[in-house]
1. For residues in region 206-232 being at pLDDT 95 or above, hydrophobic (A, V, I, L, M, F, W, C) and in a loop (DSSP other than H, G, I, E, B), which is surrounded by the fewest Cβ atoms within 10 Å (Cβ to Cβ)?
2. Which residue pairs have Cβ atoms under 6 Å apart, sit 6 or more places apart or on different chains, and have a first residue in region 227-245 that is closer than 12 Å to L135 by Cβ and a second that is basic (K, R)?
3. Any idea which of D155, D142, D128 is touching a helix residue (DSSP H, G or I) at 6+ places or on another chain (Cβ under 7 Å), acidic (D, E) and over 18 Å from T225 (Cα atoms)?
4. Regarding Q77, is this residue at pLDDT below 95 and open to solvent by 40 Å² or more (accessible area, probe 1.4 Å)?
5. In region 133-181, which residues are part of a loop (DSSP other than H, G, I, E, B), among the β-branched types (V, I, T) and surrounded by fewer than 19 Cβ atoms within 10 Å (Cβ to Cβ)?
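The values are calculated or read from the model by the stated rules, or taken from the named source; none is laboratory data. Just so it is clear, the structure is predicted and the values come from calculations on it, not from any experiment. Ideal geometry is used to build each Cβ from the backbone, glycine not excepted, and the neighbour counts take in all protein chains shown. For accessibility, only protein heavy atoms count, side chains too; no ligands or nucleic acids. Shrake-Rupley method; radii C 1.70, N 1.55, O 1.52, S 1.80 Å.
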Amino acid sequence: MERETVNALILAGSREGQQDPLAKQAHVSHKAILPILGRPMIEYVVQALSKLSNINKIAVTIEQRSIVQDILPEYIQYLPAALGPSDSVIQAIETLGTPLLVTTADNPLLQPEWISHFLKEAELTKCDIAVGIALREQIETDVPNTRRTYIKLADGSFSGCNLFLFRTPQSIQVAKLWQKLEEHRKKPVKMGYLLGGKIILRYLLKCLTRNALKKRIYKLTKAKTHFVVMPWGQAAVDVDKLEDLKVVRTLMQN
């Protein structure tokens with residue numbers, strides 16, 4: 001069976017134009033160009049995406065293309081970064097269409113094998129949007145020295161892998177829901193109102209399942225969601241803090 005051809009987007013901008021603390025500490029303008037083993041972090045992400053034949057265009061969203069233009073291949077397309085990641089994704093879907101694979105510049109451990117697995121699983125389910133996740137037990141087995149943020153559901157705790165596939169035009173509705181949640185990220189009550197009181201209560205009571213969450217997303221967006229469980233705990237390790245940077249460097253050196 002012929003694989004779906006997708007475009008890819010790397011989110012490399014700074015939230016609301018603010019300099020990331022790690023970037024500031026490393027004396028660089030953006031976390032995307034923070035050096036790891038002598039190479040800018042975003043370079044590893046582009047390299048992984050470039051090795052897959054079913055990925056067509058690769059675009060980077062960032063405030064100014066000059067920030068990364070000299071370190072990335074000429075075929076990279078650039079899109080202006082919006083205020084937040086959800087806004088950038090919406091703009092990218094409108095520009096590049098779907099299917100659109102989305103990842104982040106702070107995901108330097110990304111491997112072609114991981115991407116291929118993720119895209120294959122998403123395509124098999126015929127979903128509108130796929131989200132890559134790694135289960136807690138997998139992460140703690142593969143990377144016992146990392147601390148991740150977990151979403152704790154009744155059928156297992158998991159962490160995101162910074163892999164999203166906006167597979168059909170309907171998936172933009174999920175990006176628009178994400179946009180609304182971002183607008184209220186510092187107002188939990190409004191976020192709860194958007195998602196629905198029952199879903200929040202079930203989460204707090206630890207009886208919310210992945211299937212129930214997918215149903216709620218469908219009710220809000222009419223988009224079918226699929227969670228792709230990644231069999232590599234390292235897939236959940238991105239660079240958000242100094243501790244992560246140390247873990248990533250160690251993993252890359254081994």
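1. W232
2. These pairs meet every condition: F227/R210; A236/R148.
3. Criteria check complete, one pass: D142.
4. Numbers: at pLDDT below 95: no; open to solvent by 40 Å² or more (accessible area, probe 1.4 Å): yes.
Against the criterion (at pLDDT below 95 and open to solvent by 40 Å² or more (accessible area, probe 1.4 Å)), Q77 does not qualify.
5. Quick first cut of region 133-181, residues part of a loop (DSSP other than H, G, I, E, B) only: 143-150, 154-155, 167-168.
Those left that are additionally among the β-branched types (V, I, T): 143, 146, 149, 168.
Selection gives T149, T168.
Listed here are the residues, each with its yes/no results for (1) farther than 22 Å from A130 by Cα; (2) within 19 Å of the chain's Cα centre (by Cα); (3) among the polar types (S, T, N, Q); (4) part of a helix (DSSP H, G or I).
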{"position": "I42", "(1), (2), (3), (4)": "yes, yes, no, yes"}
{"position": "V45", "(1), (2), (3), (4)": "no, yes, no, yes"}
{"position": "I58", "(1), (2), (3), (4)": "no, yes, no, no"}
{"position": "S66", "(1), (2), (3), (4)": "yes, no, yes, yes"}
{"position": "Y75", "(1), (2), (3), (4)": "yes, no, no, no"}
{"position": "Y78", "(1), (2), (3), (4)": "yes, yes, no, no"}
{"position": "L83", "(1), (2), (3), (4)": "yes, yes, no, no"}
